[in-house]
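Peer 1: Just dropping this structure here.
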Amino acid sequence: MATSQGRVPGVSSVRKVMSGDFELKGVAPGLALQDRRFLLHWCDRRQGERPLGASPDNAGWRCKTFTLERATSADTDILDLTADVAARVAESEIREGNVVVFTPGSTAAVSTIEFESGAVADLAAAIERIAPRDMRYAHNERWGDGNGYSHVRSALLGPSITVPLAAGELMLGTWQQIVLIDFDNRPRRRKVVVQVNGR
């Protein structure tokens with residue numbers, strides 16, 4: 001077996017020791033930590049013993065990643081992503097686990113709300129009260145791009161959520177939808193990463 005320290009002959013077994021950890025037999029003391037971890041997993045596959053932290057419950061665990069794209073406007077645009085996320089979950093064929101919905105960038109957010117016009121307007125108004133567009137922002141003074149408020153809003157709401165997945169269904173409330181909120185001061189084409197983890 002080749003590692004960063006060269007070939008390691010005689011790596012034939014791992015054994016449990018106190019606290020459920022493992023000791024590698026036949027491995028030089030100077031072996032790099034990442035190689036030790038790799039060897040634990042290698043021995044696990046060859047001999048049926050599990051590395052620390054592994055569990056039979058993890059059997060068949062998979063991860064599928066998808067990317068959505070949405071065009072947004074320049075005025076706290078709030079878009080319903082629920083159907084698109086559910087479609088990617090179905091495509092993944094993963095039934096039990098969790099779903100991470102994340103938007104890259106520092107002027108947008110992902111959250112949940114009852115997606116109806118009243119609640120959406122209330123959210124936009126609350127965001128304006130918390131981080132008003134027309135107050136002084138040091139970011140604007142430094143960069144001159146006028147979107148300091150959008151960075152603050154994004155940081156307050158956060159770029160991602162995690163939704164549990166059971167029997168192939170997102171465990172959302174009856175009136176709870178997943179939304180992308182774009183705070184920037186110009187139209188954007190946003191990416192949203194949907195990562196489905198489970199089995």
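Peer 1: Write out, first by first residue and then by second, each pair whose Cβ atoms fall under 7 Å of each other, whose residues are 6+ apart or on separate chains, and whose first residue, in region 138-166, is within 30 Å of R199 (Cα to Cα) while the second is assigned to a helix (DSSP H, G or I).
Peer 2: L165/V89
Peer 1: Looking for whichever is aliphatic (A, V, I, L, M), within 14 Å of I181 (Cβ to Cβ) and at pLDDT 95 or above here; the options are A74, A119, A138. Which one fits?
Peer 2: Exactly one of A74, A119, A138 is aliphatic (A, V, I, L, M), within 14 Å of I181 (Cβ to Cβ) and at pLDDT 95 or above, namely A119.
Peer 1: Condition test on R129, is it in a helix (DSSP H, G or I), of a type outside the set (V, I, T) and surrounded by 13 or more Cβ atoms within 10 Å (Cβ to Cβ)?
Peer 2: Criteria not met by R129.
Peer 1: Among the residues of region 82-96, are any on the phi > 0 side of the Ramachandran plot, modelled with pLDDT of 95 or more and in the same structural domain as L165 (by TED's automatic domain parsing)?
Peer 2: Among the residues of region 82-96, at least one is on the phi > 0 side of the Ramachandran plot, modelled with pLDDT of 95 or more and in the same structural domain as L165 (by TED's automatic domain parsing), which makes the answer yes.
Peer 1: For region 142-199, which strands (runs of 3 or more DSSP E) that fit wholly inside it have 1 or more residues that are in contact with a Lys or Arg (Cβ under 9 Å, 6 or more places away or on another chain), assigned by TED's automatic domain parsing to the domain that holds L123 and loosely packed, with under 12 Cβ neighbours inside 10 Å?
Peer 2: Working: elements: 160-166, 177-182, 188-198.
Qualifying strands (runs of 3 or more DSSP E): 188-198.
Peer 1: Within region 53-124, considering only strands (runs of 3 or more DSSP E) that don't extend past its boundaries, which have at least 1 residues that are of a type in the set (S, T, N, Q)? First the steps, then the outcome.
Peer 2: Numbers: elements: 62-72, 77-80, 97-102, 108-113.
Result: 62-72, 97-102, 108-113.
The values are calculated or read from the model by the stated rules, or taken from the named source; none is laboratory data. Predicted model only: the values in this text are computed from it and were never measured. Note that each Cβ is placed from the backbone with ideal geometry, even for glycine, and that neighbours are counted across all protein chains shown.
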